[in-house]
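Okay, structure first, notes after.
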Amino acid sequence: MKMEYAYVVCPVCWDKLIEVKSEEEYVSYRKDKCSKCGTHFGLAFRGKKIDDTTYQIIFKRGMKLDDMRITSMRKGLRNVHLDADDIMRSISVGKQGNIIYEGDAFRVYLFIKVFLGYEPWIEFEIIPEFPYEIYEPNLLICPKCGADVIGRTEPYNDIKGWFLDGFFCEHCNKWTLGPTVIRDTTTYELVFSYKKLKSIEDNSVKRGIMNRLKSVQEKKIQGDQMIVHSNSEGVIEIVPFLRTAGLTYDIEPPFPHKIE
């Protein structure tokens, strides 16, 4: 079985790779900070052990770039200490097959990282094929204050039963990536007294509960209890009627969404 290696880097200094050989070692480096700038290390790429291969980046196709994109590319190249003037000059020639850049695995990783997201405007070929799975460790630090960001998922009140998900800086109290709106895929168990529900006189609230129970696929009566298994949206549909009817209920796991 071929061993996989991982390589971490400081996502501010971008000065060197550190090889890690296990998940435990990677977790340890994620806790450590760069001695130069105090930023936590992040995962750059993983795959086979780095060797002395020199990679060539070949211009494949491109569109005319506007000033905003050129400025952004230059800034990205300078941030990772690549020769922005030379690289952008080679790109501006725009000749298919031209060698834009040559370098080892680390330098080519930095080049690839800078141009991620620009594929609709410019495309390169790497020879030999770059054999690593790459990551963007800079996404784990706040671009404004430099603090570590956290992955954050919180209820999205505009769409009941859904979440906002992304990276969040607690220091700035702002999202740094996203948030995107995602569905809550958890199946919740809602339990309430079916005996008490049956004893309620016929009214619009009782009919509202019964009608919603009809649409639930997974439910069963166990003793005096009704046990419902449903997604967040189903729970949000039923619970307000239970409250209006004065019926107590339990939800497991703990329900994170607002129920009005």
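The values are calculated or read from the model by the stated rules, or taken from the named source; none is laboratory data. Remember, predicted model here, so these are calculated numbers, not experimental data. Virtual Cβ from ideal backbone geometry, glycine too; neighbours counted across all protein chains shown. Ligands, DNA and RNA are stripped out before the accessible areas are found, and what is left, the full protein with its side chains, is counted by its heavy atoms. Shrake-Rupley method; radii C 1.70, N 1.55, O 1.52, S 1.80 Å.
Here is how the numbers come out for the structure above:
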quantity	calculated
Residue ranges of strands (runs of 3 or more DSSP E) in the stretch 158-260 with at least 3 members closer than 29 Å to Leu140 by Cα	162-169, 174-183
Filter result for the condition that a residue is at negative phi, of a type in the set (A, V, I, L, M, F, W, C) and loosely packed, with under 12 Cβ neighbours inside 10 Å, over Val27, Val20, Val8, Val12	Val27
Every residue from the stretch 121-134 that is under 27 Å from Asp66 (Cα atoms) and touching a Phe, Trp or Tyr at 6+ places or on another chain (Cβ under 9 Å)	Ile122, Glu123, Phe124, Glu125, Ile126
Condition met for Asn98 (open to solvent by 40 Å² or more (accessible area, probe 1.4 Å) and closer than 30 Å to Arg30 by Cα)	no
Residue within the stretch 161-170 that is surrounded by fewer than 16 Cβ atoms within 10 Å (Cβ to Cβ) and either within 30 Å of Val235 (Cβ to Cβ) or basic (Lys, Arg) (or both) present	yes
The listed residue being of a type in the set (Asp, Glu) and either open to solvent by less than 70 Å² (accessible area, probe 1.4 Å) or closer than 22 Å to Cys10 by Cα (or both), out of Asp158, Asp148	Asp148
In the stretch 79-91, the residues that are touching a residue at least 24 places away in the same chain (Cβ under 8 Å), open to solvent by 70 Å² or more (accessible area, probe 1.4 Å) and either touching a strand residue (DSSP E or B) at 6+ places or on another chain (Cβ under 9 Å) or outside any helix (DSSP H, G or I) (or both)	His81
Residues of the stretch 107-137 satisfying the condition of being assigned to a helix (DSSP H, G or I) and surrounded by 18 or more Cβ atoms within 10 Å (Cβ to Cβ)	Val108, Tyr109, Leu110, Phe111, Lys113, Val114, Phe115, Pro137
